[in-house]
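Student: Dropping a structure here in structure tokens format, bear with me for questions.
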């Protein structure tokens with residue numbers, strides 16, 4: 001695990017007043033390998049939608065290809081086309097399915113649709129399918145995209161509906177995998193096992209990151225880790241030995257004295273209970289540091305947790321640093337907001353959301369950097 005505060009290079013100039021997020025690609029590869037080891041004989045793919053959960057689909061795809069990953073999943077054809085140059089001839093499946101307007105993109109970028117309805121299946125057969133590999137998605141209880149159980153049975157009973165199609169990965173998605181004791185998990189497993197066995201599948205896939213922890217019966221032929229790759233939930237971290245991937249730091253722009261009973265920020269929602277020191281930090285909700293962190297979030301500075309004091313504003317957030325030695329909380333110092341001391345899962349809970357949203361909200365205004373084996377690299381150099 002890379003602690004960016006100890007790396008042998010400097011943080012960017014604080015005069016830029018820009019927060020910096022550093023992505024540890026060695027940790028990401030470690031996480032993928034940890035999932036692969038836990039999944040046993042199942043192939044381990046990688047979900048890299050939403051720009052690899054905010055970590056950069058290009059650099060992530062390149063290091064995972066080098067590690068041995070050969071199957072990727074993204075949300076839509078545009079994401080797939082953007083990923084293609086980075087992953088060679090690896091399989092890229094598209095969750096969002098198919099439309100007449102995206103057929104050209106599928107062909108040009110060699111993408112594999114995950115068909116979600118009889119209409120999409122017919123379009124694929126009529127306009128471009130032939131023997132190209134596809135996915136077919138079954139709704140087993142999420143009630144989002146996918147063929148219903150009845151539609152699967154109709155397909156299975158037809159002599160022609162699936163004729164002439166290429167290799168087919170049959171898939172579904174668990175609704176409650178983050179609650180290991182929820183009976184819905186086993187219900188979905190049983191329904192998926194039943195319905196997928198009716199189809200001429202060359203492979204089957206059910207488990208997302210949390211679903212992988214449910215055990216071998218859920219693994220089938222391929223598992224689809226997403227959040228686990230990026231330093232995922234605390235439960236995944238504890239079970240699989242995952243490492244944090246994203247390290248978010250922001251510069252202290254000013255520290256000022258706040259006498260007892262001073263109010264801080266918009267709405268005067270925070271009043272200091274003692275003579276205090278307040279650090280003004282250069283990030284806010286325009287950077288993806290959620291307004292829900294107001295009076296709830298924390299940072300890490302000089303070996304201590306420091307609380308958000310007042311409301312998060314668009315460009316600035318204030319922290320109470322009274323308990324940090326003055327010489328260690330000055331303008332130009334960097335405060336950790338995500339990383340080895342503050343996990344993705346914990347930060348999400350503090351802000352009233354999920355680790356998924358924390359990662360995918362890493363904003364365009366950040367300076368973004370990549371590290372491999374402790375060395376700073378360009379995302380294009382991999």
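The values are calculated or read from the model by the stated rules, or taken from the named source; none is laboratory data. Here the structure is a predicted model, which means the values were calculated and not measured. When we count neighbours, we look across all protein chains shown, and the Cβ atoms used for this are built from the backbone with ideal geometry, even at glycine.
Student: When residues of region 226-238 are filtered for being touching a helix residue (DSSP H, G or I) at 6+ places or on another chain (Cβ under 8 Å) and surrounded by fewer than 18 Cβ atoms within 10 Å (Cβ to Cβ), how many remain?
Tutor: Step one: list which residues in region 226-238 are touching a helix residue (DSSP H, G or I) at 6+ places or on another chain (Cβ under 8 Å), which gives 226-237.
Now narrow it down to the ones that are surrounded by fewer than 18 Cβ atoms within 10 Å (Cβ to Cβ): 234-235.
Matching residues across region 226-238 total 2.
Student: Might you let me know whether region 364-381 holds any residue that is over 28 Å from residue 67 (Cβ atoms), modelled with pLDDT under 95 and out of contact with any strand residue (DSSP E or B) (no Cβ under 8 Å at 6 or more places or on another chain)?
Tutor: First, pick out the residues of region 364-381 that are over 28 Å from residue 67 (Cβ atoms): 365.
Then keep just the ones that are modelled with pLDDT under 95; that gives 365.
Imposing the further condition that a residue be out of contact with any strand residue (DSSP E or B) (no Cβ under 8 Å at 6 or more places or on another chain) reduces the set to 365.
For region 364-381, residues over 28 Å from residue 67 (Cβ atoms), modelled with pLDDT under 95 and out of contact with any strand residue (DSSP E or B) (no Cβ under 8 Å at 6 or more places or on another chain): present.
Student: Specify which of the listed residues (97, 68, 56) is at pLDDT below 95, surrounded by fewer than 23 Cβ atoms within 10 Å (Cβ to Cβ) and under 25 Å from residue 210 (Cβ atoms). Steps first, answer last, please.
Tutor: Numbers: 68 fails: at pLDDT below 95; 56 fails: at pLDDT below 95.
From the options 97, 68, 56, the qualifying one is 97.
Student: Still on this structure, I have one more. Please determine whether any residue of region 164-173 is part of a strand (DSSP E or B) and either in contact (Cβ under 8 Å) with a residue 60 or more places away in the chain or out of contact with any strand residue (DSSP E or B) (no Cβ under 8 Å at 6 or more places or on another chain) (or both). Please lay out each step first, then the result.
Tutor: To start, the set of residues in region 164-173 that are part of a strand (DSSP E or B) comprises 168-171.
Pick out the ones that are also either in contact (Cβ under 8 Å) with a residue 60 or more places away in the chain or out of contact with any strand residue (DSSP E or B) (no Cβ under 8 Å at 6 or more places or on another chain) (or both) and you get 169.
Among the residues of region 164-173, at least one is part of a strand (DSSP E or B) and either in contact (Cβ under 8 Å) with a residue 60 or more places away in the chain or out of contact with any strand residue (DSSP E or B) (no Cβ under 8 Å at 6 or more places or on another chain) (or both), which makes the answer yes.
Student: Related question: Tell me, which residue of region 118-132 that is at pLDDT 90 or above and surrounded by fewer than 17 Cβ atoms within 10 Å (Cβ to Cβ) is nearest to residue 155 (Cα to Cα)?
Tutor: Looking at the filtered set, the residue picked out is 118.
Student: Against the condition within 25 Å of residue 116 (Cα to Cα), surrounded by 17 or more Cβ atoms within 10 Å (Cβ to Cβ), in the same structural domain as residue 42 (by TED's automatic domain parsing) and modelled with pLDDT of 95 or more, how does residue 165 come out, does it pass? Spell out the reasoning first.
Tutor: Numbers: within 25 Å of residue 116 (Cα to Cα): yes; surrounded by 17 or more Cβ atoms within 10 Å (Cβ to Cβ): yes; in the same structural domain as residue 42 (by TED's automatic domain parsing): yes; modelled with pLDDT of 95 or more: no.
No, not satisfied.
Student: Further, regarding this structure: Which of the residues belonging to region 298-315 are within 18 Å of residue 266 (Cα to Cα) and either crowded, with 22+ Cβ neighbours inside 10 Å or free of Cβ contacts under 8 Å to residues at least 40 places away in the same chain (or both)?
Tutor: Correct list: 307, 308, 309, 310, 312, 314, 315.
Student: Hey, can you tell me all the residues within region 304-323 that are closer than 16 Å to residue 250 by Cα and outside any strand (DSSP E or B)?
Tutor: Residues of region 304-323 that are closer than 16 Å to residue 250 by Cα, as a first pass: 304-309, 312-321.
Scanning region 304-323 gives 309, 312, 313, 314, 315, 316, 321.
Table: residues versus (1) under 21 Å from the mean Cα position of the chain (by Cα); (2) in the same structural domain as residue 195 (by TED's automatic domain parsing); (3) under 15 Å from residue 169 (Cα atoms); (4) without any contact (Cβ under 8 Å) to a residue 24 or more places away in the chain.
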residue	(1), (2), (3), (4)
63	yes, yes, no, no
72	yes, yes, yes, no
80	yes, yes, no, no
91	yes, yes, yes, no
95	yes, yes, yes, no
99	no, yes, no, no
105	no, yes, no, no
150	no, yes, no, yes
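Student: Give the residue, chosen from 207, 201, 216, that is touching a residue at least 12 places away in the same chain (Cβ under 8 Å) and buried (at least 24 other Cβ atoms within 10 Å of the Cβ). Don't jump to the end; show me each part of the working.
Tutor: Numbers: 201 fails: buried (at least 24 other Cβ atoms within 10 Å of the Cβ); 216 fails: buried (at least 24 other Cβ atoms within 10 Å of the Cβ).
Result of the check over 207, 201, 216: 207.
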